[in-house]
Structures are given as C-alpha cells and as structure tokens.
Amino acid sequence: QGVPKPFSEVIKANIGDAHAMGQTPITFLRQVTALCLCPELMANPAIPSDAKERARRLLGGCGGQSVGSYSASPGVELVREDVARYIERRDGVPARAQDIFLSTGASDAIVNVLKLLVAGSGQSRTGVLIPIPQYPLYSAALAELEAVQLNYYLNEERGWALDVAELRRALAEGRRRCCPRALCIINPGNPTGQVQSRECIEDVIKFAYEEKLFLLADEVYQDNVYAEGSAFHSFKKVLMQLGPPYSDSVELASFHSISKGYMGECGLRGGYMEVVNLDAAVKDQLSKLVSVRLCPPVLGQVVLDVVMDPPQPGDPSYERFHAEKTAVLSALAQKAQMTQEIFNKTPGIHCNPVQGAMYSFPRIDLPPKAVAAAKSQNQAPDMFFCMKLLEDTGICVVPGSGFGQREGT
C-alpha cells in the first residue's frame, strides 16, 4: 500500500536456492549443457575442446542424438555408468550401473523409495523414522502416502548428534501403533548442518541390521563439509567396509543431487539414487515405479554426468573449473563460520557449529513478553518472531516448527 519499509529487498534465507542468492554457475557445466542444447555451438572456437568432446559423448547416448528425446526410465545408460565409477572412486568399493536410478533431483527418488516401502493398514501400516529437525520433504511425503511418521530427536546439546538410544526409543514407541520399516538419515544434516562421524554411521548400520530396517541415506550435501576434523563418509562405503553380515543384508538407498554442493543447479533437476542389497523382485517393482514417470529431465542428467566426471588436471577446462569450484566452496565455508560467530555473539541466540550443508539452525530464547504477544495474535512464538524479522529487516527465514523441534523450544 506504499508504506515505506526499512529495507529495499527481501533476503530469502528460507530455501537452499544457491543461484537465486547470487552463487555463480560453474562454466564447464553450462558449456556442456549449452552444446547439448545447441550442437551448432561446436563450431565456436571460444568453447574448449574437452567440453565439446563431453557433449558429443552425451549426445551419442541420447535417442536421435538429441537431449529432447526420452531416455530410458532409470536414466541414460552411459550416465549411470559414470555415476557408478564416481561412487567407486569416492568409496573405494565396487558399484554397478544397474543399481543406479537417475532422478528429478534427489527429492523424486526419495519419494519413489517411500512409495515402494509404504503398505498395510492400521497396526501393519508402514512407519518411517525421520530425524527432528528434518527436511520437510519427509513429513510431507509421509503425510501424502498416509504412512506413519516416527520422530527421533537429534541432540542439540551434543552438536545435533544422532544417538542410537534415541532411535531405540522412537522404534519402541512406533511399534505400539504401526510397523516401522525404514530409517531416514540426513548427512550432512539439513537443516542442522552437522556431519556424522564414522563411528556413528557404523552404529546406525548395526541398529538397522538388528531391527531389520531399510536405510535411506540423504547425502546431497556431501560436497559441503567445512569444519576442521569433519569428513564425509558415505553409508555405502561404511556398510561395505563393515563386511558380513551387514554388507550383504542391510538394505540401503542413498541419494545425491546437482542442486547443492558447489553446483547449485536447483532448477535443472538432476540427481541419482543407488540401491544396495535390494531383493531382485523388489528391484523389479522399483523399476516399474520409476517407469511411470517416463524419465528424469535429460538436461539434469547431462549436468549430473559432468559433476560425476569433472575436468581432470591437464584438460583444457581444468584450471578454470578448479578455481570456480574452490571459490564457491570456500565462500560457503566462510559464510558458515561467520553465521555461527555472529549468532553466538547475539544475546538470546545460540548456534551450534555449522560443520556442513548450507544452513544453520540457531536456538532463539524469546522473552516471556514476546511469547505472550505471539499468543495474543494466535501465532506460535517462532512464527511470530519470523514474521517480525521479515517486517522489520526484510530477512525471510523458516520458523523451527517448519522442521519439527522439541516441545517448548
């Protein structure tokens, strides 16, 4: 209505949309995508030869040599092979293209696996253990599928640690009202930013083995690890290195995406899922399920392929690619450090170290009068705070209740 605001723009800190917030796209990824869309650009001498070679190879894997054609439902075969090779290099254990399903970002793959697992009614209805705080995709998908959401709480006092005793509590509580079949892990954490230790991952795998739970490992932030002493360990690697009986019986689906990391290509919608120890008949059902959606966007598959097999030292594009990737990741690390430092200097705010991912999840102690004011407006205190922050500063954030939180915090 023309009333002046004390800010000139809204700062959207409510979604991990890197390019919308000014992150620069990686040139090599965009060059290969552009060449696949407009092969006449092959004649352009300004585009490096390795980008052209990659585009030719990818177009060769597409029907009619066009990214406008459908791919096979699990994805372009050569891209799936490149994903398997990437996983082998990352983990030092074998991976097979036939266990890889490409997807429309990680979200689509996660929903497909949940669809596969949800069955029964009443006491036999599928229950799924999810971390609280959680990425709201999980609660939304479980609600849509009418599955039973079983919350396990991450320990804020211990840097958002995952505690197996808490998993046992959530499982026992869940078994009284449903049939718990799956356990979701988000590592690095969204929205909590913690990176799990190898010991913790081993404990979780052993717990899943004992309780016959299917593991869903959401690992889309694996490139975003900043804290000294923190390192990303994939669930697949730890599972295989544990050996039998775990490595040959624990069922696992792990997920990765082009939307985060240093790429930030949220809008191009690319990702993959790797399944491990899936019964052959169940895998056939999964193949049937993904074929309903025809295929993931082929442009997203193109970008995923380049992420899986980036320029190597000596390639014409390597120096620029390496410099751009390093610049993005170091800027994110610097912002993570700055965010937690400034939060912890602010009275009434506490924030755990941001070890990884792209978010901080601070605890804000609201004074009693603010809580009373929120109640008088029929708003939850955290929503009241977020709306006030937006009105006064133009900073848009999500209330903690959007992710789930402990009662009374």
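Points worth noting:
- Based on the convex hull around the alpha carbon atoms, region 297-409 presents an average projected area of 10.8 nm².
- At an R0 of 25 angstrom, the distance between the Cβ atoms of R320 and S69 translates into a FRET efficiency of 0.25.
- Shape category assigned to the chain from the gyration tensor of Cα positions, a/c cut at 1.5: oblate
- Per residue value of the accessible surface for region 77-308 (all protein chains in place, 1.4 Å probe), Å²: 36
- Here the alpha carbons of region 1-136 define both size measures, Rg and Dmax, at 21.4, 65 Å.
- Placing R0 at 35 angstrom, the Cβ-Cβ distance between L366 and A327 gives a FRET efficiency of 0.40 after rounding to 0.05.
- Values of log10 I(q)/I(0) for region 77-308 across q = 0.09, 0.11, 0.13, 0.14 Å⁻¹ run -0.34, -0.52, -0.75, -0.88, by the Debye formula with one identical scatterer at each alpha carbon and no solvent.
- Here region 77-308 carries DSSP beta bridges of which approximately 35% are antiparallel, counting only pairs with both residues inside.
- Of the accessible area of the chain, computed with a 1.4 Å probe over protein heavy atoms only, carbon and sulfur atoms account for 54 percent.
- Å³ per residue enclosed by the Cα convex hull of region 114-225: 95
- The region of the chain that goes longest without hitting one of the GluC sites (Glu not before Pro) in a DSSP loop, each with at most 13 other Cβ atoms within 10 Å, is 229-406.
- Rounded to the nearest 20, the size of the Cβ-charge dipole of region 185-240 about its Cα centre is 160 debye, with Lys and Arg at +1 and Asp and Glu at -1.
- Region 153-192 and region 10-56 have Cα centres lying 39 Å from one another.
- A crude spin-label estimate for the pair E210 and E228, with each label 7 Å from Cα along the Cβ direction, gives 3.6 nm.
- For region 92-100, Karplus couplings with θ = phi - 60° (6.51, -1.76, 1.60), whole Hz, Gly/Pro x: x, 10, x, 9, 10, 4, 6, 9, 9
The values are calculated or read from the model by the stated rules, or taken from the named source; none is laboratory data. Please read these numbers as outputs of a predicted model, since none were measured by experiment. So basically every Cβ, Gly included, is an ideal-geometry build from the backbone, and we count neighbours across all protein chains shown. All accessible areas refer to the heavy atoms of the entire protein, side chains included, with ligands and DNA or RNA removed. Shrake-Rupley method; radii C 1.70, N 1.55, O 1.52, S 1.80 Å.
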